[in-house]
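Following: one structure in structure tokens, then a few remarks.
A short reminder: the numbers here are calculations on the coordinates, not readings from a lab. This structure is a prediction, so every number in the text was calculated from the model and none was measured. Here Cβ is always computed from backbone atoms with ideal geometry, including for glycine, and neighbour counts include all displayed protein chains.
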């Protein structure tokens with residue numbers, strides 16, 4: 001997920017979101033970004049295909065870490 005998408009959805013400045021993402025990635029260890037800075041893993045879900053899945057009550061299924 002691109003930082004701009006997150007910023008738009010939360011109505012926050014892009015610079016603020018980039019700072020938050022950097023902090024989460026460095027200090028918490030459950031967030032991983034790709035070379036472009038897009039979030040690709042936010043434990044327990046991932047945008048990248050894995051053999052694991054999470055199913056929500058809504059019926060939505062996502063890849064899992």
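A compact table of results
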{"quantity": "Among the residues listed as 43, 30, the single one being within 22 Å of residue 62 (Cα to Cα) and touching a helix residue (DSSP H, G or I) at 6+ places or on another chain (Cβ under 8 Å)", "calculated": "30"}
{"quantity": "Inter-residue pairs, beta-carbon under 6 Å, first touching a residue at least 12 places away in the same chain (Cβ under 8 Å) and on the phi < 0 side of the Ramachandran plot and in segment 3-31, second assigned to a loop (DSSP other than H, G, I, E, B) and surrounded by 12 or more Cβ atoms within 10 Å (Cβ to Cβ), 6+ apart", "calculated": "3/37; 30/43"}
{"quantity": "Counted residues, segment 8-20 - those being closer than 13 Å to residue 39 by Cβ and in contact with a helix residue (DSSP H, G or I) (Cβ under 6 Å, 6 or more places away or on another chain)", "calculated": "2"}
